[in-house]
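The values are calculated or read from the model by the stated rules, or taken from the named source; none is laboratory data. This structure is a prediction, so every number in the text was calculated from the model and none was measured. Note: ideal-geometry Cβ built from the backbone for every residue, glycine included; neighbour counts use all protein chains shown.
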Amino acid sequence: MTDATTVATTQNVGGARSLLYHVILCAVSLVMLYPLLWMLASSFKPDDEIFGNASLWPDRFTLDAYIRGWSGLTVSFGTFFWNSLVISVLSVIGNVFSCSLAAYAFARLKFPLKNFWFALMLGTLMLPYHVTLIPQYVLFLNLDWVNTFLPLVVPKFLAADAFFIFLLYQFFRGIPRELDEAAIIDGAGPWRIFWSVMLPLSVPALATAAIFTFIWTWDDFFGPLIYLNDASQYTVQLGLRTFVDSTGKSDWSALFAMSVVALIPVLLFFAVFQRLLIEGIATTGLKG
Amino acid sequence: MTTTAQIPLTITEPEKRSKRRGGLSRTLVSYSFLAPWLIGFLGLTLGPTLASLYLSFTNFDLLQDPQFIGTANYQRIITNDVKFWHSMQVTFTYVILAVPLKLAFALGLAMVLNRGIAGLPLYRALFYLPSLLGASVAIAVLWRQLFAKDGLANVALGLFGIQGPSWISDPNYSLYTLVLLSIWQFGSPMIIFLAGLRQIPPDVYEAANIDGANKVQQFFKITLPLLTPVVFFNGIVQTIDAFKAFTPAFIISEGTGGPIDSTLFYTLYLYQEGFAYFRMGYASALAWILLIIIACFTAFSFLTSRYWVHYND
């Protein structure tokens, strides 16, 4: 009897407390996400309905802003979108390819100077990119690569983002060595082991690397700002910035509409791979 | 038994020979895996790092060859550059406010989420979303509107009868809107804190309960000490990131760092010197000063870590 009552009271307290937690969490979620929802709603509002109006529902629903925004500048937003897509997809291929090769060498192979190179690789994780920025710019200028996608894409094929080497290295080290040894007994060399044993077992880590590369490249503003000068070469982020400067003050709804468009690929990745992204951060400390 | 013993004997001779040749070819194979990174490291990282160190001692405008001017750039930066000191002040204010507040939010919400409440994956995903979106121009655009004179923030304040200023274009407030933008992205350190909290065994708290420790004592005597490795990690990552912040300040101020240089982040100043005025030597010196600041901060954190970071071993 007494047991039953104590259980009941703790459950009640637990219930009240968990209700309180839910209230807190819902309030925080609402405050955090309201601006995003409001931007989405505003992109469907006529311009005069945006300012001073916090409503999440357009009184007069219109797609005008999307039509105006898409063709608002001298170059269509579709061109920016395509450019961003090309750069991001090439970066994903380059990053996954080059970083997994280096990670495999560091995780599994024996070679002279291995520890030396490994320490230098870790050192580059701390290096702010501003230090290499100007000589890299001069180098790409001399190669005549400025105003092309090459300065944004080629470094990815050379594993310039050491962070992903480290991520894949950690994952490869977790794969049991018995699997390699079995493959060696079957007569497999390092390339064969890499291709047929390591890569198939590392799909989650490769996917995490690929998704973060895509999102970070898609969102990158600084690189394109430095290297791309022609509007026909602009990425989505640069296009949006041009929009802010040229029409920003008069045409907020079109600006919001194109901002929503710019966020769509990232939101899609988030919707589909949310679990993988969160696990990737929790286990590796990715800054996200 | 006999067969297994014989196998090594029979292959000793050829193996020995192939091992000597194999050593070199194995090294070549290994380096073929390493090659893309090694080329990138030498050509895009090490070479440019040394080159920028040299350029920082020169006058260089891209048109003419760099002229060596000794430490003149550094001397001018330290003794005679008001904008440099101003951008330092802006950046340090930003780092000192944004990082602790962001981590406090992240830890607080991680602790609430760690109470085993229903719907954890949903909340976690919702809180994480701003971290994923925050770096993009679209969010900076949104922020500019939120804190404009007739923006959403002032509409909300209006409900309480408060007439807010034009936050973005008032130099007294513009930097704080960027601090708020950084706090808004507390999701990714929160996920790391949550993973850390999961590692703390529940029986530690049970023991503390029996000893009569209250919640506040439990937080300061158990949770925080056991979580210091995660605090350390998040602190370093977020601080370095905050020093490198660029995009939001650029978009909100249309590339100027205004109003009245109130959002002139260090990186923005570096960009202006290098790519607006093409003072490449001067910008290289600024980059090296940034590297020194980040290196000192990291070294200091690691050196002091043994006094406050408790590793569980």
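Summary of values
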read-out: Selection status of A:V138, within 9 Å of another protein chain (Cβ to nearest Cβ) and closer than 21 Å to A:N229 by Cβ; value: yes
read-out: Residue within the stretch A:167-187 that is within 14 Å of chain B (Cβ to nearest Cβ) and not in a helix (DSSP H, G or I) present; value: yes
read-out: Count of the stretch B:287-310 residues which are over 30 Å from B:T223 (Cβ atoms), facing another protein chain (nearest Cβ under 7 Å) and touching a residue at least 12 places away in the same chain (Cβ under 8 Å); value: 3
read-out: Single residue of B:T91, B:T177 found to be farther than 20 Å from A:V28 by Cα and either within 12 Å of chain A (Cβ to nearest Cβ) or of a type in the set (S, T, Y) (or both); value: B:T91
read-out: Evaluation of B:P202 against (1) within 11 Å of chain A (Cβ to nearest Cβ); (2) more than 30 Å from B:A148 (Cβ to Cβ) (one fails), failing number; value: (1)
read-out: Residue, nearest to the chain's Cα centre (by Cα), within the stretch A:16-57, restricted to residues that are surrounded by 15 or more Cβ atoms within 10 Å (Cβ to Cβ) and acidic (D, E); value: A:D47
read-out: Members of the stretch B:123-153 found to be facing chain A (nearest Cβ under 7 Å) and either in contact with an Asp or Glu (Cβ under 6 Å, 6 or more places away or on another chain) or in a loop (DSSP other than H, G, I, E, B) (or both), listed by number; value: B:A135, B:S136, B:D150
read-out: Among (1) crowded, with 19+ Cβ neighbours inside 10 Å; (2) among the charged types (D, E, K, R); (3) farther than 25 Å from A:A210 by Cα, the one test that A:D64 misses; value: (1)
read-out: Helices (runs of 4 or more DSSP H) completely within the stretch B:221-310 that count 3 or more residues being farther than 30 Å from B:L194 by Cβ; value: B:247-252, B:266-271, B:280-308
read-out: Top-ranked residue of the stretch B:22-35 - restricted to ones that are facing another protein chain (nearest Cβ under 7 Å) and farther than 16 Å from A:L122 by Cα, ranked as nearest to the chain's Cα centre (by Cα); value: B:F33
read-out: Positions within the stretch A:127-175 being at pLDDT below 90 and among the hydroxyl-bearing types (S, T, Y), in sequence order; value: A:Y129
read-out: Given (1) surrounded by fewer than 22 Cβ atoms within 10 Å (Cβ to Cβ); (2) over 15 Å from A:L73 (Cα atoms); (3) among the hydroxyl-bearing types (S, T, Y), number of the condition A:T208 does not satisfy; value: (1)
read-out: The stretch B:256-286 - residue that is hydroxyl-bearing (S, T, Y) and crowded, with 24+ Cβ neighbours inside 10 Å and, of those, farthest from the other protein chains (Cβ to nearest Cβ); value: B:T263
read-out: Positions within the stretch A:226-236 being within 10 Å of chain B (Cβ to nearest Cβ) and surrounded by fewer than 21 Cβ atoms within 10 Å (Cβ to Cβ), in sequence order; value: A:I226
read-out: Failed condition for B:A213, given (1) farther than 30 Å from B:L63 by Cβ; (2) within 13 Å of chain A (Cβ to nearest Cβ); (3) not β-branched (V, I, T); value: (2)
read-out: Candidate set from the stretch B:233-255 (those that are more than 10 Å from chain A (Cβ to nearest Cβ) and in contact with a helix residue (DSSP H, G or I) (Cβ under 6 Å, 6 or more places away or on another chain)); member that is farthest from A:V244 (Cα to Cα); value: B:T239
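Here is a yes/no grid of residues against (1) surrounded by 12 or more Cβ atoms within 10 Å (Cβ to Cβ); (2) modelled with pLDDT of 90 or more; (3) assigned to a helix (DSSP H, G or I); (4) of a type in the set (S, T, N, Q):
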residue: B:P8; (1), (2), (3), (4): no, no, yes, no
residue: B:A35; (1), (2), (3), (4): yes, yes, yes, no
residue: B:A51; (1), (2), (3), (4): yes, yes, yes, no
residue: B:A98; (1), (2), (3), (4): yes, yes, yes, no
residue: B:G116; (1), (2), (3), (4): no, no, no, no
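Quick grid of which residues meet (1) small (G, A, S); (2) within 9 Å of chain B (Cβ to nearest Cβ); (3) assigned to a helix (DSSP H, G or I):
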position: A:L199; (1), (2), (3): no, no, yes
position: A:I211; (1), (2), (3): no, no, yes
position: A:G223; (1), (2), (3): yes, no, yes
position: A:V261; (1), (2), (3): no, yes, yes
position: A:F270; (1), (2), (3): no, yes, yes
